[in-house]
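Reviewing the structure listed below.
The values are calculated or read from the model by the stated rules, or taken from the named source; none is laboratory data. Everything numeric here is computed off the predicted structure, so don't read it as measured data. Note: ideal-geometry Cβ built from the backbone for every residue, glycine included; neighbour counts use all protein chains shown. Ligands, DNA and RNA are stripped out before the accessible areas are found, and what is left, the full protein with its side chains, is counted by its heavy atoms. Shrake-Rupley method; radii C 1.70, N 1.55, O 1.52, S 1.80 Å.
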Amino acid sequence: MAPKDKTDRAGGRGPRHVAIIMDGNGRWAQARGRPRLFGHHAGAKRVREIVEACPDLGVKYLTIFAFSTENWKRTQVEVAGLMSLFRRYITKEARALKAEGVRVRFIGDRVRLDKKLQALMDELEELTAGNDRVHLTIALNYGGRDEVARATKRLAQDVAAGRLDPETVDEETLPKYLDTCVLPDPDLVIRTSGEARISNFLLWQSAYAEYEFIDTLWPDFSAQIFADLVLAYGTRERRFGGVKA
Ligand code: IPE
Ligand code: IPE
Ligand code: MG
């Protein structure tokens, strides 16, 4: 792992990669007597502040769960509203993200998304490809099991084509086929809204992540809460199956 800057607020002990399950938009809206989409719009507005907080906290990689492979089960109105929000979000935020030095990537299966959204995603990735200040990864139509299944398919194709010797397959092999192949594993996974489950997020990658489940609903999440969680992480002792040094 690359050495971290000791001058960041976490003194170099903070997580390098934080992943967030942004949950609770619907309940936040319902509590205000508003439609669920009102909560999704409020939630989308929280993202910029969290991305901007990253460099000072030494967080180089931020991965956010925006839409799961299971979220298609929601009403057509909610799904269409979310897809329209993603299109608008990318269009509106592109310039600021580029200017802020954010490199944006998308993970998940793009094929089921509409062509216009796919094009916007490709454009944003290209536009920010030269950036390196913060790496923001947006999980859109993402499911951990779906990702492993897609990766396995491509791995099997490489074996069938004679490009990969099955005898050489080990735990370093599969990650090369995952959507996250260029990213380090998350060190800290945060889920808002009080649910203590991971809902199919980064299953392979989070094998040794630390978890924080907090009650705050995503539209109420703030840079201050984020900083508190990042700083608290620095006091945890990760053992990776070993014993205390
Ligand atoms: C998370 O908020 C955003 C998405 C899953 C798209 P929810 O929409 O799941 O909000 P709750 O859990 O119903 O409150
Ligand atoms: C997980 O939240 C997916 C996202 C935050 C995008 P859900 O609200 O879909 O998860 P469940 O249904 O409570 O497990
Ligand atoms: Mg939810």
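Computed quantities for the displayed model
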{"quantity": "Test: residue 223 is surrounded by fewer than 16 Cβ atoms within 10 Å (Cβ to Cβ), among the small types (Gly, Ala, Ser) and under 15 Å from residue 10 (Cβ atoms)", "calculated": "no"}
{"quantity": "Candidate set: the range 1-24, residues that are closer than 19 Å to residue 215 by Cβ and open to solvent by less than 20 Å² (accessible area, probe 1.4 Å); chosen: the one farthest from ligand 1 (Cβ to nearest atom)", "calculated": "18"}
{"quantity": "Residue list for the range 146-201, filter: touching a residue at least 40 places away in the same chain (Cβ under 8 Å), within 13 Å of ligand 2 (Cβ to nearest atom) and either open to solvent by 60 Å² or more (accessible area, probe 1.4 Å) or part of a loop (DSSP other than H, G, I, E, B) (or both)", "calculated": "192, 193, 194, 195, 198, 199, 200, 201"}
{"quantity": "Sole exception among (1) within 12 Å of ligand 2 (Cβ to nearest atom); (2) buried (at least 17 other Cβ atoms within 10 Å of the Cβ) for residue 38, by number", "calculated": "(1)"}
{"quantity": "Yes/no for residue 16 being over 20 Å from residue 144 (Cβ atoms) and of a type in the set (Lys, Arg)", "calculated": "yes"}
{"quantity": "Every residue from the range 116-164 that is within 16 Å of ligand 1 (Cβ to nearest atom) and hydrophobic (A, V, I, L, M, F, W, C)", "calculated": "117, 138, 139, 140"}
{"quantity": "Number of the condition not met by residue 21 [criteria: (1) touching a Phe, Trp or Tyr at 6+ places or on another chain (Cβ under 8 Å); (2) aliphatic (A, V, I, L, M); (3) over 28 Å from residue 228 (Cβ atoms)]", "calculated": "(3)"}
{"quantity": "Selection count where residues are farther than 23 Å from residue 131 by Cα and in a loop (DSSP other than H, G, I, E, B), scope the range 102-112", "calculated": "1"}
{"quantity": "Filter result for residue 134 (open to solvent by less than 50 Å² (accessible area, probe 1.4 Å), under 22 Å from residue 204 (Cβ atoms) and touching a residue at least 24 places away in the same chain (Cβ under 8 Å))", "calculated": "no"}
{"quantity": "Check on residue 207, free of Cβ contacts under 8 Å to residues at least 12 places away in the same chain, open to solvent by 40 Å² or more (accessible area, probe 1.4 Å), more than 16 Å from ligand 1 (Cβ to nearest atom) and small (Gly, Ala, Ser)", "calculated": "no"}
{"quantity": "Some residue of the range 60-73 being modelled with pLDDT of 95 or more, under 26 Å from residue 204 (Cα atoms) and open to solvent by 80 Å² or more (accessible area, probe 1.4 Å)", "calculated": "yes"}
{"quantity": "Test: residue in the range 76-84 that is surrounded by 14 or more Cβ atoms within 10 Å (Cβ to Cβ), more than 16 Å from ligand 3 (Cβ to nearest atom) and among the acidic types (Asp, Glu)", "calculated": "no"}
